[in-house]
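Presented below is the structure to which this report refers.
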Amino acid sequence: MRHRPRGTALPTFALVICGALLLPACQALAPAPIGAHASRPVRRDLIGAWQLVSIELDTPAGAVPDPFYGEHCTGLLVYDASGWMSVQISAPNRTSVPVPDSRPPASEPLAAAQLKARALDTYYAYVGTWTLNESAALITHQVTSALYPDEGGARYTQAVAVQGGRMTLSSHRVLPAGAVTQTKTWQRL
């Protein structure tokens with residue numbers, strides 16, 4: 001089976017088929033399975049603000065913290081009723097960068113540019129719209145604007161599950177070392 005690159009959406013017909021009678025046969029197409037005892041959310045279950053609890057990777061070698069964010073990262077995810085969303089994730093122990101009074105010229109010193117690059121590498125954010133396929137328990141973020149400019153227009157489809165005040169978003173990737181599942185756990189605020 002061919003795996004989809006990270007951030008690509010399932011074709012609409014695949015979501016419809018998976019959500020109907022053939023869900024067991026199509027589970028390999030879903031970004032990740034729903035955890036035991038977690039419910040398939042409806043739209044109203046997701047609306048609101050969510051605080052990041054953890055991001056973990058399930059790898060062939062076992063569970064590890066996400067290498068991009070690291071352990072003890074923090075974040076905020078907001079879904080509003082009109083269909084807009086935003087997410088921000090910050091790694092711990094970020095490099096201090098002074099807040100300028102105005103935008104510096106393009107010819108700023110290299111040391112200042114390196115500090116900014118470190119700050120960029122420890123923070124992640126985007127804003128866009130969201131849709132939920134309730135029958136397949138899949139949420140899709142359509143990125144409108146992002147910290148990384150080339151991410152605008154990206155679509156991220158993830159399995160979503162809600163249990164109590166916690167929500168998990170999971171997606172699969174295939175890396176040279178094997179299949180990896182990234183799971184983000186969020187707590188309702």
Margin query: With the requirement that a residue be aliphatic (A, V, I, L, M) and modelled with pLDDT under 85, what does region 31-68 give you?
Written below: 32, 34, 36, 38
Margin query: Can you name every one of the strands (runs of 3 or more DSSP E) wholly within region 136-181 that holds 1 or more residues which are farther than 28 Å from residue 60 by Cβ?
Written below: 138-146, 155-163
Check: (1) within 21 Å of residue 40 (Cβ to Cβ); (2) loosely packed, with under 12 Cβ neighbours inside 10 Å; (3) modelled with pLDDT of 95 or more: which one isn't true of residue 133, the others all being true?
Finding: (2)
Next item on the list: Mind listing whichever residues of region 153-175 are in contact with a His (Cβ under 9 Å, 6 or more places away or on another chain) and hydroxyl-bearing (Ser, Thr, Tyr)?
Entry: 156, 157
Next item on the list: For residues that are closer than 27 Å to residue 136 by Cα and in contact with an Asp or Glu (Cβ under 8 Å, 6 or more places away or on another chain), tally how many sit in region 66-94.
Entry: 1
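The values are calculated or read from the model by the stated rules, or taken from the named source; none is laboratory data. Source: prediction; values computed, not measured. Because the Cβ atoms are built from the backbone with ideal geometry, glycine has one as well, and the counts that use them run over all protein chains shown.
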